[in-house]
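The values are calculated or read from the model by the stated rules, or taken from the named source; none is laboratory data. All values reported here derive from a predicted model rather than from experimental measurement. For neighbour counting, all protein chains shown are included, and Cβ atoms are generated from backbone atoms with ideal geometry for every residue, glycine included.
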């Protein structure tokens, strides 16, 4: 998977990155449908999972469901495909079909529109924004396909830019910004690969995540040395420790 850079990844880029050894996956059944994204909650003591039917769920690290956020109409009809926690604790979500970015209100009772992003000529409605990652004042948003593109959105200027065109992808499904080394992680739902790239767009590592049948969401929890995934096909959460 190769990337063409137009804009640098923001953050604390390091000259060295780690290669991880993954442990044996642990799965947690949720009995939910349409799981699409995962991130740490504001306090860092649990996980938020978004679904494509408009809800956000909170889970513990034991895989147990703790709470459900259901929003008033029309917010409960959003096709959430990405969720991320910014350094300041704000939770952002991306909507696939409308190609919009929202933030979760502090009371968890609604969402607020942040910005509507570009729609490329030839792109299809259900192949829009699939993943989102927050790096300081920059949000990165992955377009599923047509084109396989990662956009950057500046929260300071309110401007959108094309950050990466991704070759070799089949279905971009999520993004995660790694504040430990300033890299981005990309998941692909069809190739079942987790790819780490550096600030110059160079592929650093590819990891086989075929244990997740359809990996729709990914986040890293450094305090626990864990990778977490959500699977749209099995409706399960997956935890993998790393070294």
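Kindly check whether there is at least one residue in segment 216-231 that is under 18 Å from residue 169 (Cβ atoms) and not in a strand (DSSP E or B).
Here is the first cut: in segment 216-231, the residues under 18 Å from residue 169 (Cβ atoms) are 216-218, 229.
This time we only want the ones that are not in a strand (DSSP E or B), so: none.
The answer is no; no qualifying residue exists.
Which strands (runs of 3 or more DSSP E) does segment 95-157 wholly contain that include 3 or more residues that are under 20 Å from residue 77 (Cα atoms)?
Passing ranges, in order: 100-104, 111-116, 129-135.
Just one of the listed residues (182, 168, 117, 158) is surrounded by fewer than 17 Cβ atoms within 10 Å (Cβ to Cβ), at pLDDT 90 or above and either touching a strand residue (DSSP E or B) at 6+ places or on another chain (Cβ under 9 Å) or under 23 Å from residue 223 (Cα atoms) (or both), and it is 158.
Every residue, every condition in (1) out of contact with any helix residue (DSSP H, G or I) (no Cβ under 8 Å at 6 or more places or on another chain); (2) modelled with pLDDT of 95 or more; (3) over 18 Å from residue 239 (Cβ atoms); (4) part of a loop (DSSP other than H, G, I, E, B), yes or no:
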site: 4; (1), (2), (3), (4): yes, no, yes, no
site: 19; (1), (2), (3), (4): yes, no, yes, yes
site: 38; (1), (2), (3), (4): yes, yes, no, no
site: 48; (1), (2), (3), (4): yes, yes, no, no
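Listed here are the residues, each with its yes/no results for (1) under 27 Å from residue 180 (Cβ atoms); (2) surrounded by fewer than 17 Cβ atoms within 10 Å (Cβ to Cβ).
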| site | (1), (2) |
| --- | --- |
| 63 | yes, no |
| 79 | no, no |
| 84 | yes, no |
| 101 | yes, no |
| 113 | no, yes |
| 130 | yes, no |
| 140 | yes, no |
| 145 | no, no |
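Would you say residue 131 is within 12 Å of the chain's Cα centre (by Cα) and modelled with pLDDT of 90 or more? Give the steps one after another, and end with the answer.
Values: within 12 Å of the chain's Cα centre (by Cα): yes; modelled with pLDDT of 90 or more: yes.
It is true that residue 131 is within 12 Å of the chain's Cα centre (by Cα) and modelled with pLDDT of 90 or more.
Just to be sure before I move on: is residue 240 in contact (Cβ under 8 Å) with a residue 40 or more places away in the chain and either within 19 Å of residue 147 (Cα to Cα) or part of a loop (DSSP other than H, G, I, E, B) (or both) in the structure I sent? Spelling it out, it is not the case that residue 240 is in contact (Cβ under 8 Å) with a residue 40 or more places away in the chain and either within 19 Å of residue 147 (Cα to Cα) or part of a loop (DSSP other than H, G, I, E, B) (or both).
Quick check on segment 199-210. Is at least one of its residues crowded, with 24+ Cβ neighbours inside 10 Å and part of a strand (DSSP E or B)? No, there is no match, as no residue in segment 199-210 is crowded, with 24+ Cβ neighbours inside 10 Å and part of a strand (DSSP E or B).
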